[in-house]
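Data first, discussion second: the structure below is written as structure tokens.
The values are calculated or read from the model by the stated rules, or taken from the named source; none is laboratory data. As the structure is a prediction and not an experimental result, all values here were calculated from the model. Cβ coordinates were reconstructed from backbone atoms using ideal geometry, including for glycine residues, and neighbour counts include every protein chain displayed.
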Amino acid sequence: MERSFVDEVKVHVAAGDGGDGAASFHREKGKPKGRADGGNGGDGGSVIFRVDPNVATLSDLARNPHQRAVRGRNGQGNERHGSGGEDRIVLIPDGTVVFDGESGELLADLVGAGTTFVAAAGGRGGRGNAALLTARRRAPGFAERGEPGEQRRLRLELKVLADVGLVGFPNAGKSSLIARLSAARPKVAAYPFTTLSPNLGVTETADARFVVADVPGLIEGASEGRGLGLAFLRHLERCRALCFVLDVSSEVTPGDALVALRAELRAHDTSFDGRPGVVAANKTDVAETEDAITGARAAADEAGFAFVACSALTGDGVGELTQLLAREVERTRAEGAPSSHKLIRIRPEDDRVTVEREDAAWRIRNPAAERLVRRFDLDNIEALRYVQDRMVSIGVESALSKAGAKEGDEVRIGDIVFDFEPEDGTGGR
């Protein structure tokens, strides 16, 4: 069964949680409590997007919008560490752009076979008590819990990668033209919007090889979402050159058609104005007079574009058009591709401790402090003392005091609530 073309999808990705560390002691005859030997938990698997040239659409993700990686295994006694969870590798098409589903922030622009993006990072495995040994803490009776894996909502867009984009009104003959230019076999019929998704074809000459994209026909107002709107325009953003296909048998004059097409492109993205272009006056075999062809040539000259009259039906002029496009592609390749880049956005963790009033309590906001209360069993007195010492070193107590917190005040960190008991001069609480 033929798969539908999908170029935008919303997904939920969930990485695996880290495994818990083990609190265990070596057992020997005559030694009821030997050395700590609890192993570490394994790291959770990550959800990773990877560009695969054999994937042409986001349809698989549309059918499976929830992607989850595997949890890490828990540590065990005798210093047996838990295995890491398996990563979830999601194959995506070349040219996929990833946005944060909540804020709309651009996260990654994935171009090139094998390019990867960690969509959700697996949680770190917790340390077992063997890893928590210090000179002062010789027999820790506690271990760390694993960290939860990241969960995110993302929006993915596909922008097809092609050297040349065919631009024209519906029924201008773009699909017939790409069939002539390449081995592509798109659906062709004499009515508007035959093309509902991009068609890619590879064109070869004696000296060049380039990719041509036939995308859904453009109508006036497309930049505002009319017709197929933005679903059409985004697929032209990466094209090195544009080929404006004008129907010289249409009632719309070629000059007016070219002006309207360029206006819609400009309204979507002003960078289109600087994109190299070729004007192909198509359907010369059914043009009623030479005036339309002459008008198309004049419009191309005024815009500074190369011009060729052709017929996709008979093949007349298609060879000349191929050579013109090959020269434009070769020139733009030497200059660099438009708007094709890889972006991986890395956010450094904010280590500041902030204190806010929340109802009658104090709310601590600090990633390290929030991780501490998640990773330890605070009903264990040893673990609680360890966490208290770490809170002091992070600067939580100092920040609370500066904010005006008094002994006995309620303090909240993550889901944990406790009373503020500052250290006294001897380090006691």
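The rows are residues; the columns are (1) hydrophobic (A, V, I, L, M, F, W, C); (2) within 17 Å of V164 (Cβ to Cβ).
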{"position": "S271", "(1), (2)": "no, yes"}
{"position": "N282", "(1), (2)": "no, yes"}
{"position": "E290", "(1), (2)": "no, no"}
{"position": "A306", "(1), (2)": "yes, yes"}
{"position": "T322", "(1), (2)": "no, yes"}
> Say we look at segment 46-64 and pick out the residues that are part of a loop (DSSP other than H, G, I, E, B) and touching a strand residue (DSSP E or B) at 6+ places or on another chain (Cβ under 6 Å); which of these is surrounded by the fewest Cβ atoms within 10 Å (Cβ to Cβ)?
Replying inline: D52
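Collect the residues in segment 65-101 that are of a type outside the set (S, T, Y), assigned to a strand (DSSP E or B) and closer than 21 Å to F117 by Cβ, keeping them in residue-number order.
First pass over segment 65-101, keeping only residues of a type outside the set (S, T, Y): 65-82, 84-95, 97-101.
Now restrict to residues that are assigned to a strand (DSSP E or B): 66-68, 76, 80, 88-92, 97-100.
Correct list: H66, Q67, R68, R88, I89, V90, L91, I92, V97, V98, F99, D100.
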> Any idea which residue in segment 60-79 is farthest from E8 (Cα to Cα), counting only those that are at pLDDT below 95 and in contact with a Gly (Cβ under 8 Å, 6 or more places away or on another chain)?
Replying inline: N78
> Are any of the residues in segment 252-266 crowded, with 22+ Cβ neighbours inside 10 Å, in the same structural domain as R209 (by TED's automatic domain parsing) and in a loop (DSSP other than H, G, I, E, B)?
Replying inline: no
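Among the residues that make up segment 132-142, is at least one of them crowded, with 20+ Cβ neighbours inside 10 Å and out of contact with any strand residue (DSSP E or B) (no Cβ under 9 Å at 6 or more places or on another chain)?
Of the residues in segment 132-142, the ones crowded, with 20+ Cβ neighbours inside 10 Å are 132, 140, 142.
When the remaining residues are screened for being out of contact with any strand residue (DSSP E or B) (no Cβ under 9 Å at 6 or more places or on another chain), the result is 142.
Within segment 132-142, one or more residues are crowded, with 20+ Cβ neighbours inside 10 Å and out of contact with any strand residue (DSSP E or B) (no Cβ under 9 Å at 6 or more places or on another chain).
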> How about segment 233-249: which of its residues are among the hydrophobic types (A, V, I, L, M, F, W, C), assigned to a loop (DSSP other than H, G, I, E, B) and under 32 Å from the mean Cα position of the chain (by Cα)?
Replying inline: C239
>> Among (1) modelled with pLDDT of 85 or more; (2) assigned to a loop (DSSP other than H, G, I, E, B), there is one condition T289 misses while meeting the rest; what is its number?
In response: (1)
> Got at least one residue in segment 68-89 being in contact with a helix residue (DSSP H, G or I) (Cβ under 9 Å, 6 or more places away or on another chain) and within 13 Å of I48 (Cα to Cα)?
Replying inline: no
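Return yes when V278 is within 20 Å of F210 (Cα to Cα), modelled with pLDDT of 90 or more and not assigned by TED's automatic domain parsing to the domain that holds T96 and no when it is not.
Values: within 20 Å of F210 (Cα to Cα): yes; modelled with pLDDT of 90 or more: yes; not assigned by TED's automatic domain parsing to the domain that holds T96: yes.
Taking the combined requirement at face value, the residue satisfies it.
If you take the residues of segment 312-363 that are charged (D, E, K, R) and either touching a Ser or Thr at 6+ places or on another chain (Cβ under 8 Å) or modelled with pLDDT under 80 (or both), which of them is farthest from A172 (Cα to Cα)? Break it down into steps so the answer makes sense when it comes.
Going residue by residue through segment 312-363, those that are charged (D, E, K, R) are 316, 320, 327-328, 330-331, 333, 335, 342, 345, 347, 349-352, 356-359, 363.
Then drop every residue that is not either touching a Ser or Thr at 6+ places or on another chain (Cβ under 8 Å) or modelled with pLDDT under 80 (or both), which leaves 316, 335, 342, 345, 347, 349-351.
Values: D316: 16, E335: 30, K342: 34, R345: 41, R347: 47, E349: 53, D350: 55, D351: 58 Å.
Restricting to residues being charged (D, E, K, R) and either touching a Ser or Thr at 6+ places or on another chain (Cβ under 8 Å) or modelled with pLDDT under 80 (or both), the top hit is D351.
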>> Checking G34 against (1) modelled with pLDDT of 90 or more; (2) in contact with a Phe, Trp or Tyr (Cβ under 7 Å, 6 or more places away or on another chain); (3) among the small types (G, A, S), only one condition comes out false. Which one?
In response: (1)
> Looking at (1) crowded, with 20+ Cβ neighbours inside 10 Å; (2) not in a strand (DSSP E or B), can you tell me which one V279 breaks?
Replying inline: (2)
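Provide a single number: the residues in segment 10-45 that are of a type in the set (D, E, K, R), surrounded by fewer than 24 Cβ atoms within 10 Å (Cβ to Cβ) and under 33 Å from the mean Cα position of the chain (by Cα). Reasoning before the result, please.
To start, the set of residues in segment 10-45 that are of a type in the set (D, E, K, R) comprises 10, 17, 20, 27-29, 31, 33, 35, 37, 43.
Now drop any that are not surrounded by fewer than 24 Cβ atoms within 10 Å (Cβ to Cβ), which leaves 10, 27-29, 31, 33, 35, 37.
Retained after the next criterion (residues that are under 33 Å from the mean Cα position of the chain (by Cα)): 10.
Summing the residues that are of a type in the set (D, E, K, R), surrounded by fewer than 24 Cβ atoms within 10 Å (Cβ to Cβ) and under 33 Å from the mean Cα position of the chain (by Cα) in segment 10-45 gives 1.
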